[in-house]
Amino acid sequence: MTRGAEDAEDTAEVTDALLVLLLRQLTVESDRFAEMFGEAHGLHRTDLNALAVIMDAARMGDPMSPSRLASALHLSASATTSVLDRLERAGHLYRDRSATDRRKVELRMHEKAREVGAEFFLPLGERFSAVWSDLGEDERRTVARFLRSSIAATVEVRARLAP
């Protein structure tokens, strides 16, 4: 896209319809990108979602359990077991007893899985950083608020529509 086209887009009215369109396009492109990784590593989309949920929980210092994963992905216990079995066989995660409560199982990613994921996804993260570099702190806060509220709205409506 040329700088003139970008400038024209920057001055166009930002309607709700445009925001929905752009969010949908980002979702489709993100899905396509993640699917490339999945295809290269023999992982189902649900497997990728499970790894993302487990990784995000670990980043927050909140180890993921199989039952919490099932709830987060809206899977049955047997479907969750299948996902975990595939990920374990592929060497992406392991199940470990909790250090604080030996009755609980915690899901942990292998370091090699993190390395493989970083190798694939790091160039996208670097490109995001580059294109976001000219955003000021106020703009970043607005974008973060937009994304958080969009995620919350999606979760709310999905919960209402879920059987």
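Would you mind calculating the gained length between HIS110 and ASP16 on full extension (0.36 nm times residue separation, minus the Cα-Cα distance), in nm to one decimal? Spell out each step's value before the answer.
On the way: separation 94, 0.36 × 94 = 33.84 nm, distance 4.15 nm.
Between HIS110 and ASP16, full extension yields 29.7 nm more.
Membrane-span-like helices in the chain, defined purely by DSSP H runs whose alpha carbon atoms cover 20 Å or more axially and whose average Kyte-Doolittle hydropathy reaches -1.0, are 16-41, 45-59, 111-132, 137-161. The length gained on full extension between PHE33 and ARG95, counted as 0.36 nm times the residue separation minus their Cα-Cα distance, comes to 19.6 nm.
Give me the percent of accessible area attributable to carbon and sulfur for the chain, probe 1.4 angstrom. Walk me through the numbers before you get to the answer.
Working: 6710 of 11830 Å².
After summing per-atom areas, the C and S share lands at 57 percent.
Mean projected area of the Cα convex hull of segment 28-87, taken over all directions, amounts to 4.2 nm².
Using only alpha-carbon positions, what ratio does the radius of gyration of segment 5-163 give when scaled by 2.2 N^0.38 Å?
Details: Rg = 18.5 Å, N = 159, 2.2 N^0.38 = 15.1 Å.
Cα Rg divided by the expected 2.2 N^0.38 Å: 1.22.
A Cβ-based charge dipole, computed about the Cα centre of segment 97-163 with Lys and Arg at +1 and Asp and Glu at -1, lands at about 620 debye. In the full protein context, segment 19-122 carries 64 Å² of accessible surface per residue, based on a 1.4 Å probe and ignoring ligands, DNA and RNA. Other residues whose C-beta falls under 10 angstrom from the C-beta of LEU48 contribute a net charge of -2, scoring Lys and Arg +1 and Asp and Glu -1.
The values are calculated or read from the model by the stated rules, or taken from the named source; none is laboratory data. As the structure is a prediction and not an experimental result, all values here were calculated from the model. Cβ sites come from the backbone with ideal geometry, for glycine too, and all protein chains shown count toward neighbours. Calculation scope for accessible area: heavy atoms of the full protein, side chains included, ligands and nucleic acids excluded. Shrake-Rupley method; radii C 1.70, N 1.55, O 1.52, S 1.80 Å.
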